[in-house]
Amino acid sequence: MASRISEIKGNKNNIEMENLSRENKLVVPLDKVEDDWMRTVGPLHIKAAAEHYGVFDHLYGDAYFVPNVALDVFYTSGADEVPVYRGNTLKPSQAANCPTVNFEAEPGSLWTLVMTTPDCHLESENSEYVHWLVGNIKGGKVSEGETIWDYLQPFPFRGVGYCRYIFVLYKQTGPVDYSALKKTLPCLNLSERTFSTYDFYCERQDLLTPAGLAFYQADWDSSVTSLLRSTLNMTSSPVYSYDFPEPYRPPQKWFPLKQPFNLYMDRYRDEKQIAKEFVVKKLKRTHPFKPPEPPLQFPNCIPFKKGTPSWLKLEMRKERLGWGRINDY
Amino acid sequence: MQTVLRRCNPLFSFTTPVRLSCSFPSYIYNRNPRNLEKLCIARKPAGYHLERPGKYQFWHSVRLERSSRHITASVIHSGGGSPPVTASTKEWALRRWLYSTNDVGAYSNLGRVLGHRCLATGIQEIHCDLSHDSGHKTQAFIQELEKSGVTLKEPPQYVNPAPSDRERPEKPWLVNEN
């Protein structure tokens, strides 16, 4: 405390610093700020970010921890280093190779590092895939630890959006026997990578203490397709899309009064029948060998045939202008 | 304790059911609570009729608290909860490099630090309600926040069109896909 006060007093008496600050030219060194931040309030900020991303909810249920050990994780893709902080976005191609993990550890202390994703499990909604698990890391040297699951790059499927990839560092009180989890390496069967952090921690809670946390988010890119086909030997790579809730349709009435009948009826028609009509119309217009006709500049100036009912005119106008359902098929 | 997830109303629950594939399951779940916001699908609160516009109509917003001696900037989420990103001149990490904790230099440096922390937390777009003409100190804060790479405008919410709607808006999650 005394040293802090003297440092602040030193700043206050520094005329050069005062002038810089007054002229808005004072630039704080961000890397040094981050070092001090990690030693002071950083762990609480990491915890707040993890709560924002639902990390503790999905890994430990109701429990949480304050990550007091600074976990420095970065990927090396090509010439540049891609760091992992607490929720930043990465591309799977950047995370293709095993990351470098550094943390401060006393010599002889034992650690366990787990990388899991709680999102987009293929078999069960509440399970995780373990991407990397190294146990009994002595003195912070991850490469010399006991690899239980080898590193597998993230594979968020196309269309699912952003998945979380979470690194959790545990401190061990003594050597932990991981022989029950041992798999034949490299482990390329996804169901063998099914994991539950909650169960894993419950079984070993006397030996392990969570100490560090880092996570990132990744969405699909082309490297996922090649990973699924070449490494995981899958014949196809899936494309998913978000399942929007069905639009609300009020229950049908016996006598729908004061409503245009065509719009009312369209709301309750069979979707397949509608699709069929639109596709048949489209196929009639297209010729297999001729190029499509250029669109008209003023499509609505073509006169309607005499005696066309008004509801049909509306449909024809919509078709000419490309409004409504015609865009779906 | 496993969280039990239901597939009742996906816009309000924190799962993302998605469908269609060949040998893969027809439904998988993305449990990431921030996923729908990143894809611009999540509901953005519309606010009340008589409310000040922009009061809660965002996913993430920057908030600046000025006290007599210190300034604290935080990013808040409209869904509530503790702020995911905070930076303050009360922090020793920042305090030791500053001449004063509430002059222009403090404001601009707080903006830089907050911007850096936002990017580290994966928040690239923030709604900013601090008006640009509110004073040179706040302006310096906003300028530095923008310079650090954060966009001070959130994309609009994508509303899934009904079959009868005239237009089919572009899907924001397909635009950025390579």
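Values as computed for the structure displayed
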{"quantity": "Residues being within 13 Å of chain A (Cβ to nearest Cβ) and either without any contact (Cβ under 8 Å) to a residue 60 or more places away in the chain or open to solvent by 30 Å² or more (accessible area, probe 1.4 Å) (or both) - total across segment B:55-69", "calculated": "1"}
{"quantity": "Test for A:T112: is it in the same structural domain as A:L190 (by TED's automatic domain parsing) and touching a Leu at 6+ places or on another chain (Cβ under 7 Å)", "calculated": "yes"}
{"quantity": "Subset tally (residues that are more than 14 Å from chain B (Cβ to nearest Cβ) and not in a helix (DSSP H, G or I)) for segment A:284-329", "calculated": "21"}
{"quantity": "Pairs with Cβ under 7 Å, 6+ apart, first in segment B:21-39 and closer than 12 Å to A:P156 by Cα, second modelled with pLDDT of 90 or more and β-branched (V, I, T)", "calculated": "B:I28/A:V160; B:N30/A:V160"}
{"quantity": "B:Y48 being surrounded by 14 or more Cβ atoms within 10 Å (Cβ to Cβ), modelled with pLDDT under 90, part of a loop (DSSP other than H, G, I, E, B) and more than 7 Å from every other protein chain (Cβ to nearest Cβ)", "calculated": "no"}
{"quantity": "Enumerated helices (runs of 4 or more DSSP H) restricted to segment A:8-107, each holding at least 2 residues that are within 29 Å of B:L98 (Cα to Cα) and without any contact (Cβ under 8 Å) to a residue 60 or more places away in the chain", "calculated": "A:15-22, A:30-39, A:42-52"}
{"quantity": "Count of residues meeting criterion [in contact with a Phe, Trp or Tyr (Cβ under 9 Å, 6 or more places away or on another chain) and either more than 11 Å from every other protein chain (Cβ to nearest Cβ) or crowded, with 18+ Cβ neighbours inside 10 Å (or both)] in segment A:59-70", "calculated": "5"}
{"quantity": "Pair list, Cβ under 8 Å, 6 or more apart: segment A:152-173 residue β-branched (V, I, T), other residue part of a loop (DSSP other than H, G, I, E, B) and open to solvent by 10 Å² or more (accessible area, probe 1.4 Å)", "calculated": "A:V160/A:D219; A:V160/A:W220; A:T173/A:D206; A:T173/A:L207"}
{"quantity": "Members of segment B:148-178 found to be within 30 Å of B:S108 (Cα to Cα) and either away from chain A (no Cβ under 13 Å) or more than 17 Å from the chain's Cα centre (by Cα) (or both), listed by number", "calculated": "B:T151, B:L152, B:K153, B:E154, B:P155, B:P156"}
{"quantity": "Segment A:121-179, residues that are of a type in the set (D, E), part of a strand (DSSP E or B) and open to solvent by 20 Å² or more (accessible area, probe 1.4 Å)", "calculated": "A:E146"}
{"quantity": "Options A:V73, A:V28; residue that is within 8 Å of another protein chain (Cβ to nearest Cβ), among the aliphatic types (A, V, I, L, M) and out of contact with any Cys (no Cβ under 8 Å at 6 or more places or on another chain)", "calculated": "A:V28"}
{"quantity": "Meets criteria (of a type in the set (D, E), more than 21 Å from A:Y85 (Cβ to Cβ) and not in a loop (DSSP other than H, G, I, E, B)) for B:E65", "calculated": "yes"}
{"quantity": "Output for segment B:9-44, where each listed residue is surrounded by fewer than 17 Cβ atoms within 10 Å (Cβ to Cβ), assigned to a loop (DSSP other than H, G, I, E, B), more than 7 Å from chain A (Cβ to nearest Cβ) and modelled with pLDDT of 50 or more", "calculated": "B:S26, B:R43"}
{"quantity": "First in segment A:180-204 and within 14 Å of chain B (Cβ to nearest Cβ), second anywhere and surrounded by 12 or more Cβ atoms within 10 Å (Cβ to Cβ) and assigned to a helix (DSSP H, G or I), Cβ under 8 Å, 6 or more apart", "calculated": "A:T197/A:L59; A:T197/A:Y60; A:Y198/A:L59; A:Y198/A:Y60; A:Y201/A:Y60"}
{"quantity": "Yes/no for A:V55 being crowded, with 16+ Cβ neighbours inside 10 Å and within 7 Å of another protein chain (Cβ to nearest Cβ)", "calculated": "no"}
{"quantity": "Top-ranked residue of segment A:195-252 - restricted to ones that are of a type in the set (G, A, S) and assigned to a helix (DSSP H, G or I), ranked as surrounded by the fewest Cβ atoms within 10 Å (Cβ to Cβ)", "calculated": "A:S230"}
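Yes or no, residue by residue, for (1) surrounded by 20 or more Cβ atoms within 10 Å (Cβ to Cβ); (2) at the interface with chain A (Cβ under 7 Å from one of its Cβ atoms):
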{"residue": "B:S78", "(1), (2)": "no, no"}
{"residue": "B:S82", "(1), (2)": "no, yes"}
{"residue": "B:A87", "(1), (2)": "yes, no"}
{"residue": "B:K90", "(1), (2)": "no, no"}
{"residue": "B:A93", "(1), (2)": "yes, yes"}
{"residue": "B:R96", "(1), (2)": "no, yes"}
{"residue": "B:N102", "(1), (2)": "no, no"}
{"residue": "B:Y107", "(1), (2)": "yes, no"}
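The values are calculated or read from the model by the stated rules, or taken from the named source; none is laboratory data. Just so we're clear, the structure is a prediction, and the values are computed from it rather than from any experiment. Here the Cβ is made from the backbone with ideal geometry for all residues, glycine too, and neighbour counts use every protein chain on show. These area figures cover heavy atoms from the full protein model, side chains too; ligands, DNA and RNA do not enter into them. Shrake-Rupley method; radii C 1.70, N 1.55, O 1.52, S 1.80 Å.
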